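Beneath this line is the structure, given in structure tokens, with notes to follow.
The values are calculated or read from the model by the stated rules, or taken from the named source; none is laboratory data. Not measured: the values here are computed from a predicted model. Counting neighbours? That spans all protein chains shown, and the Cβs are built from the backbone with ideal geometry, glycine included. Heads up: the accessible areas ignore ligands, DNA and RNA and are worked out on the full protein's heavy atoms, side chains in. Shrake-Rupley method; radii C 1.70, N 1.55, O 1.52, S 1.80 Å.
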Amino acid sequence: MLEKRGAPWLLLLLLMSHVQVHKAITIGFEQEFYTVFEAFNATGELIEVPIIKSNNQTSNETFEVIVSVIAGSSSNAATDGTDYFSGGNVSSFSFRRDQQRINYQFELLDDDTPEGEEVFQIELSLGSGTPGVSVGGGGVYSRATVVIIDDDAITIGFEQEFYTVFEAFNATGELIEVPIIKNNNSLHSDITFIVIVSVIAGSSSNAATDGTDYFSGGNVSSFSFRRDQQRINYQFELFDDDTPEGEEEFQLELSLGSGTSGVSVGGGGVYSRATVVIIDDDEPTLPPSPTSTQPSPTSTQSTPTSTQPSPTSTQSTPTSTQPS
């Protein structure tokens, strides 16, 4: 049959046998959002963002993939060279048709400035002359947002909202510690900020008295809290007395020294104010039991005596009158 149709048909079949038909390829980022935490140290941390392909072809032909960094101009825009290092706003990669993925890399940097969450974007495009390849769609994304979680923003507070303590066992007192904790322990900085604890005695009938029920050392106390510390302890002394008073209480309130940036008080599972409840251990004195002054009752009743004579029988034995 081929001979009848001539040599050009044979040549065409030979050429077709060597031609590879490429299936359509879609490439993109695996996720639309990537959340990363600020690096633990100033030397940086390498982050990889996968670029994946929807179709795994057998050909080793390559095509060019371009990643562009879009820093943005919003108030929460991350800064290249300060928050991260991209190595350039535009990077290009060779993607072989038989590869499943390649990784775009950038370096995450650390600072000691509380900034909140910051973002930048990365966008995919193709080099010129790339047939049969599209970007985005089919479960992959042409653009991804990188969210950098700041580790310099801090929330501090009391660990509990209520603390119950028992009155000291002796008059010399007992030292009580109330933890003040920080919700973020990923900081390496030794920069300090001032924490102020104010004692609020209250004026209710069950208000504890500073100097009698407890000793705070002053209504206001200040502490230096290092940013790399997890907790500090506020201390007060608990006293004992012999006066039954029932439960008494006072409050502690947290605030910050002036010029403290990137630190907030209360929220996120910690408390800006705590109530200390003191359980009284003094039993109330009971009045003595009453003593009876009434004499024991004496019985005046006598045993009754019978005045009736004992009954005497008047019946005689009957006599027989019959002859023998």
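Odds and ends about this structure:
- Enumeration of residues in the stretch 213-228 that are touching a Ser or Thr at 6+ places or on another chain (Cβ under 9 Å) and farther than 12 Å from Leu252 by Cβ: Ser224, Phe225, Arg226, Arg227, Asp228
- If you go through the stretch 257-286 and keep only what is surrounded by 10 or more Cβ atoms within 10 Å (Cβ to Cβ), at pLDDT 85 or above and either in contact with a His (Cβ under 9 Å, 6 or more places away or on another chain) or part of a loop (DSSP other than H, G, I, E, B) (or both), you end up with Gly257, Gly266, Gly269, Ser272.
- Of the residues contained in the stretch 8-27, none is found to be in contact with an Asp or Glu (Cβ under 7 Å, 6 or more places away or on another chain), at pLDDT 65 or above and hydroxyl-bearing (Ser, Thr, Tyr).
- Of all residues in the stretch 101-115, those being touching a strand residue (DSSP E or B) at 6+ places or on another chain (Cβ under 7 Å) and not in a strand (DSSP E or B) number 1.
- Subset of the stretch 57-94 that is in contact with a Gly (Cβ under 9 Å, 6 or more places away or on another chain) and of a type in the set (Val, Ile, Thr) - its residue that is farthest from Glu38 (Cα to Cα): Val65
- If you check Phe193, Phe120 for being open to solvent by less than 40 Å² (accessible area, probe 1.4 Å), assigned to a strand (DSSP E or B), within 30 Å of Glu64 (Cα to Cα) and in contact with a strand residue (DSSP E or B) (Cβ under 8 Å, 6 or more places away or on another chain), only one passes: Phe120.
- In the stretch 99-121, the residues that are free of Cβ contacts under 8 Å to residues at least 24 places away in the same chain form no Cβ pair under 9 Å with any partner that is part of a strand (DSSP E or B), whether six or more places apart or across chains.
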